[in-house]
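The structure appears right after this line, and notes come after that.
Readers should treat all values here as calculations from the given coordinates under stated rules, not as data from a laboratory. None of these values were measured; they are calculated from a predicted model. Reconstructed Cβ throughout: ideal geometry from the backbone, glycine too, with neighbour counts over all protein chains shown.
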Amino acid sequence: MRAGTAIVAFVPSTDLERSRRFYVDILGLELIELSPYACVLNGLGATLRVTKVDNLAPHPFTVLGWEVTDIRASIADLTTSGVTFLRYDGMPQDEAGIWTAPGGGLIAWFADPDANVLSFSQLS
């Protein structure tokens with residue numbers, strides 16, 4: 001790998017316009033380009049390429065996440081936009097859906113419109 005090479009993250013979508021609305025209007029990312037093949041976004045230092053796929057079987061694990069400084073405020077902000085935070089059996093989560101990791105970090109999960117699992121993490 002060459003020094004200075006930027007990272008590009010990929011997330012699949014069956015409906016790019018629906019994904020654009022979610023990632024731009026709800027999450028607040030900046031749209032770089034929308035084509036029939038992808039919705040390209042400024043991911044605050046990395047490029048996020050939401051790529052058009054015909055069929056999608058979402059994975060049961062996190063595919064993309066953000067480190068935040070105030071997880072409760074971040075959750076409250078998305079909740080007012082209609083985003084529901086996920087709950088997992090066997091994981092003790094508080095009323096907001098936050099799980100405290102063994103090291104003290106806080107994590108909460110939510111899904112995009114294609115059921116891709118996304119997360120917020122607040123490091124301890």
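Restricting the calculation to Cα atoms, the chain shows an Rg/Rh of 0.98 when the hydrodynamic-style radius is the Kirkwood one. The charge dipole of the chain, taken about its Cα centre with unit charges on the Cβ of Lys, Arg, Asp and Glu (plus for the first two, minus for the last two), comes to roughly 280 debye.
Net length available on complete extension from Val53 to Gln93 is 11.1 nm, with 0.36 nm assigned per residue and the Cα-Cα distance removed.
Under the convention that each Lys and Arg Cβ holds +1 and each Asp and Glu Cβ holds -1, the size of the dipole of segment 58-124 around its Cα centre is about 80 debye. To the nearest ten degrees, helix 71-80 and the longest principal axis of the Cα atoms of the chain are 60 degrees apart.
Show me the ranking of peptides 72-78, 110-116 by mean Cβ neighbours inside 10 Å, starting with the highest.
Those peptides, ordered most packed to least, come out 110-116, 72-78.
Rounded to the nearest 5, the antiparallel percentage of DSSP beta bridges internal to segment 58-124 is 65%. The calculated 222 nm mean residue ellipticity attributable to helices in the chain amounts to -3000 deg cm²/dmol, summing -39500 (n - 2.57) over DSSP H runs of n ≥ 4 and dividing by all residues.
Using C-alpha pairs under 8 Å with a sequence gap of at least 6, the mean separation divided by the residue count of the chain gives a relative contact order of 25 percent.
For segment 1-56, what does the alpha-carbon gyration tensor say about shape, rounded, prolate or oblate, given a ≥ b ≥ c as the root eigenvalues, a/c under 1.5 as rounded, and a/b over b/c as prolate?
oblate
Simple spin-label estimate for Asp15 and Thr80 gives 2.6 nm between the two label positions (7 Å along the Cα-to-Cβ direction from each Cα).
Near Phe120, once Lys and Arg are set to +1 and Asp and Glu to -1 for all other residues with Cβ below 15 Å from its Cβ, the sum equals -3. Phi angles of segment 18-23 translate, via the Karplus equation with coefficients 6.51, -1.76, 1.60 and θ = phi - 60°, into HN-Hα couplings of 4, 5, 4, 4, 5, 6 Hz per residue; Gly and Pro are given as x.
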